[in-house]
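Note sheet for the following structure.
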Amino acid sequence: MKIKAYGIKEEGGKAEPFYYERSVGENEVRIKILYCSIARGDVQFISNDWGDTKYPLVPGHEIVGTVEETGSGVTALKAGDLVGVGYQQEACFACECCKAGNEQFCTQQKVIGVHCYGGLAEHIVVDNRFAFKLSPALHSAKSVPLLSSGLTVYTGIVKAQLPANSVVGVLGAGGLGQLAIQFLHKMGHKVYAFSHSLEKKEMINQLGAEFILSSSPGNLSELDKKFDFIISTLNVEYDLDAFLKILKPQGKFCVVASPLKKQSISIGLLYDYAQRTIYGNYVGSRKDMVEMLDFAARHNIESMVDVMSFSEMNEAIEKVRTGEVKIRLVLKNQE
């Protein structure tokens, strides 16, 4: 089948019509795309910030659509099912990681932007094991960011194995941060959100967190050894040491985004009268995805989104690039 997509042919280029051939294999499904997000990560792929973008690039790693065709070996999905697709599209299912249920670490995996085309298209064909059926409780447009951002922060939080009623912090209140706040709040923890934007205070409070203005150094010094857990969703430089100091002696610090430049750290803060932990998290497994979507549906967790049409894709990309959009931007396929 010839798939109509919208590709970027060179570093920093504009999206324009792009066609490619793709048949439906035995274990694959063809999905009619309804919604596709344009996230900061997509813009960084367009700019080749990480140096591994393959052009022509079809961005869009958070997708919601309906199944149109299934391969002969597909039994879990049928035509008409509403599904979500995230960053990862394939895994070998034979390596050590895959056998352990950690297919997100498969060395043979294929991900959007590096190995395969994404959701800025009329259709997409993926392995059915990476197309996840969505509950009717999840609003289609507002559920789109769950497929990557939601999965990433949820998995990072679960890995911390936090005791009940923990004191937790979220650095940043963008797409990742807003979802992290909601997950932590609905899990029953006391949530603080750090942001340099005072105008986000009301939104942060509505999501279930107490706002702390991170641009004021005094606000951090008053919180010495207060936090059980902090998750950083920041992609700009920040004072890592300052936040390690406000962790309890056995506190945990999870990183799900980072500046392009190296961050400095005082290693002594991890072990000096302490046993603090820093760890990162890369998306999540298929099991994590199912659990996250179920948790989101049960607790009415969704993203604040601005919806634009596919015809406005280049305007949308520019808005994300310049930071004009303060919430997640989702494109709706009108065709």
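Between K32 and S221, the simple label model (points 7 Å from Cα in the Cβ direction) yields a spacing of 6.1 nm. Taking only the C-alpha atoms of region 14-61, Rg followed by Dmax gives 13.0, 35 Å.
Count charges around S37 for me, please; just the other residues with Cβ under 13 Å from its Cβ, Lys/Arg as +1, Asp/Glu as -1.
Residues close to S37 contribute a combined charge of +1.
Projecting the Cα atoms of H189, L151, T53 onto the charge dipole of the chain (Cβ charges, centred on the Cα centre) puts H189 farthest toward the positive pole. Its relative contact order, with pairs defined as Cα atoms under 8 Å and 6+ residues apart, puts region 28-178 at 28 percent. Using only side-chain charges placed at the Cβ, +1 for Lys and Arg and -1 for Asp and Glu, the dipole size of region 151-280 relative to its Cα centre rounds to 320 debye.
Equivalent-ellipsoid semi-axes for the chain (Cα gyration tensor, √(5λ), whole Å, largest first): 34, 21, 19. Neighbour counts of other Cβ atoms within 10 Å put I31, I8 in the fewest-to-most order I8, I31.
Which links in K99/K252; K32/K287; K159/K190; K225/K261 stretch past 20 Å when you go from one Cα to the other?
Values: K99/K252 28 Å; K32/K287 24 Å; K159/K190 18 Å; K225/K261 27 Å.
Table pairs above 20 Å Cα-Cα are K99/K252; K32/K287; K225/K261.
Rounded to the nearest 20 debye, what is the charge dipole size of region 260-335 about its Cα centre when +1 sits on each Lys and Arg Cβ and -1 on each Asp and Glu Cβ? Walk me through the numbers before you get to the answer.
On the way: 11 positive and 11 negative charges, 72 e Å.
Its charge dipole is roughly 340 debye.
Could you tell me how many degrees, from 0 to 90 and to the nearest 10, lie between the Cα long axis of helix 286-298 and the main elongation axis, the longest principal axis, of the Cα atoms of the chain? The helix 286-298 is inclined about 80 degrees to the chain. Taken about its Cα centre, the chain carries a charge dipole of roughly 600 debye when the Cβ of each Lys and Arg holds +1 and the Cβ of each Asp and Glu holds -1. Going from the fewest other Cβ atoms within 10 Å to the most, the residues K159, K99, K245 appear in the order K99, K159, K245. For the chain, the residue among I33, I3, L234 whose Cα projects farthest onto the positive side of the dipole built from Cβ charges is L234.
Compute the signed sum of charges (Lys and Arg +1, Asp and Glu -1) over the other residues within less than 11 Å, Cβ to Cβ, of T53. Can you show the working numbers first?
Details: positive: K54; negative: E10, E11, D42, D49, D52.
Combined, the nearby Lys, Arg, Asp and Glu give -4.
What percent do you get for the relative contact order of the chain when only Cα pairs under 8 Å and 6+ apart count?
On the way: 741 pairs, mean separation 61.6, N = 335.
So the answer I get is 18 percent.
The H on the amide N of Y20, modeled in the peptide plane, is under 5 Å from the matching H of I3, A5, each at least 5 residues off or on a different chain. Among beta bridges identified by DSSP and lying wholly in the chain, the antiparallel ones come to about 55 percent. Helix 313-322 and the longest principal axis of the Cα set of the chain meet at an angle near 20°.
With the convex hull built on the Cα atoms of region 151-280, state its orientation-averaged projected area in nm². Mind dumping the intermediate values first?
Numbers: hull surface 28.9 nm².
Dividing the Cα hull surface by four gives the mean projection, 7.2 nm².
Can you find, among V111, I265, G251, the residue sitting farthest towards the positive end of the charge dipole of the chain, where Lys and Arg contribute +1 and Asp and Glu -1 at Cβ? Selected residue: G251. Take K54, K190 and order them by how many other Cβ atoms sit within 10 Å, fewest up front. With the sparsest Cβ surroundings first, the list reads K54, K190. Measure out, as a whole number of angstrom, how far apart the alpha-carbon centroids of region 250-296 and region 107-150 sit. If you average the Cα positions of each part, the centres end up 23 Å apart. On a 0 to 90° scale, report how tilted helix 149-159 is relative to the longest principal axis of the chain, with both axes built from alpha carbons and the result rounded to the nearest 10. On a 0 to 90 degree scale, this one is about 50. Considering only Cα atoms, the convex hull volume of region 149-209 works out to 66 Å³ per residue.
Values quoted throughout were computed directly from the atomic coordinates according to the rules given, and no laboratory measurement underlies them. Nothing here was measured: the structure is a model prediction, and the numbers come from that model. Positions of Cβ are backbone-derived with ideal geometry, glycine not excepted, and every protein chain shown enters the neighbour counts.
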